[in-house]
Amino acid sequence: MENLSFLTRKIKTAALETICIAALLANNISRIENVFGDTETRPINPIPVGINWTGWNKDRLETKDAKVIDKISADRYYDVAINPCYEQNSTVSSSIDSVPSMSYEYMRELVKDASSKNLNITIKPLINAKSQGSDQTSRSYFSPKNIDEWFEDYTRIYLNLYHNILDSAKAQSRDIDINIGTEIDSILYKYPERFDRLIDTLHSAGFQGRTTYSIEFASELDTSKIHLLNNIKVDYIGIDFYVSMHKLYSKKHDKRDVIDAEGNIARQEDYVVDEGPYEVLYYFNKILASASKPVKFTEAGVRSIEHGHRWPNFDSRIKGNADNYVQLKWYQNWVAALKLASSQRMDIIGTDFWITDNSDITEDIYHADSTGYSYFRKPAEKAIKKYILELNSSKTQNDIKK
């Protein structure tokens, strides 16, 4: 989840995207009856959901952390993406501090406990620049002065994660994914072959799980990054989805045919369709059209703040009053789009929601900020629980697992 990096591009492409979305709506609006109407059919490939787990200064897994795992498992989420954070001094630094924000012991215990509760695991490191405050400190702008030195540190971070966490859990290592990059897209553009080398190094060390890379996706133009990922050795494509939504509340008034018992059109009736899911589906289509591999939304979410849907990746710098309805509506549209994507057999393997507002995940779960990303104990949580209930009524958790 990153900063203001694509504001200019969003403004330039907003009109084009609105026109294209309208065209998609025209083509797909009649399909909504098959997913949400009285004739609802079960999704063909249910798309499961998980959460991102971020923390700082975590040394041991405490009882309160274990209770969060119990809750996530009981609520039948399928995945936990563990986000150890690392720092470098600036965007041009050639070295990275190798000490993670969570201790190896903490992450080992977290992996062990979550795996025992039938949760899949993704290790998803985040590299941050210490000098925060402007667009140019975004990890998307990293440009190390010495790329060889930088990648030595970067590779060492991954080998340490493997040897200190995954190698000790070899029995489960096939069920653990590694994200080999998160939003360091300027480096991906310049040095895609370096990520292939990192994957080869991990495999040589003994890693047997799947790999991915997560691009920051803030507008349709970011599909160019997907083409890069098609050509490197990742098993699936990660999307950190932070696109401005313009049709959050839009409704379409239309007519539909009512068919009689003999199959003839008896009459037409008026009905109203929520257009919001089709705006999300528009981007799903764009992403899948560019991808030659399965896709996972490795981050997606929105704050419960006024106009939060307009600037979903602008974190705490957007000020305003709390607005739970914005967040609720965004999540309702998202899970509705997942249903549509499932019914259309889109190759989407999951979504991990971004809920991080605090340094301790227990705060995000039990004491969510009123204007933050966490949806727990807010109206949006009910929409997600409803989706998970429907998902699990059509497929068991073991069937959904990788």
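Summary table below
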{"item": "Aspartates and glutamates with Cα under 14 Å of K319, excluding same-chain neighbours fewer than 8 positions away", "result": "E306, D369"}
{"item": "Extension gain (nm, one decimal) between S116 and A205, 0.36 nm per residue minus Cα-Cα", "result": "29.6 nm"}
{"item": "Calculated FRET value between A74 and S370, using beta carbons and R₀ = 25 Å, to 0.05", "result": "0.50"}
{"item": "Paramagnetic reach from S98 (point 7 Å along Cα→Cβ, amide N under 16 Å) across segment 200-232", "result": "202"}
{"item": "In order through segment 75-86: 3J(HN,Hα) via Karplus (6.51 cos²θ - 1.76 cosθ + 1.60), integer Hz, x for Gly, Pro", "result": "7, 6, 5, 10, 8, 10, 9, 8, 10, x, 9, 10"}
{"item": "Near-label residues of segment 180-211 by backbone N, under 15 Å of a point 7 Å along Cα→Cβ of I147", "result": "184-198"}
{"item": "Nearby aspartates and glutamates by direct alpha-carbon distance to K225 (threshold 15 angstrom, same-chain neighbours under 8 apart not counted)", "result": "E183, D185, E193, E216, D240"}
{"item": "Restraint check, K58/K296; K247/K329; K58/K112; K64/K382; K329/K386; K329/K385, Cα-Cα greater than 19 Å", "result": "K58/K296; K64/K382"}
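Where a number appears in this text, it was derived from the coordinates with a stated rule and is not lab data. This structure is a prediction, so every number in the text was calculated from the model and none was measured. Neighbour counts are summed over all protein chains in view; Cβ atoms, including those assigned to glycine, are modelled from backbone coordinates with ideal geometry.
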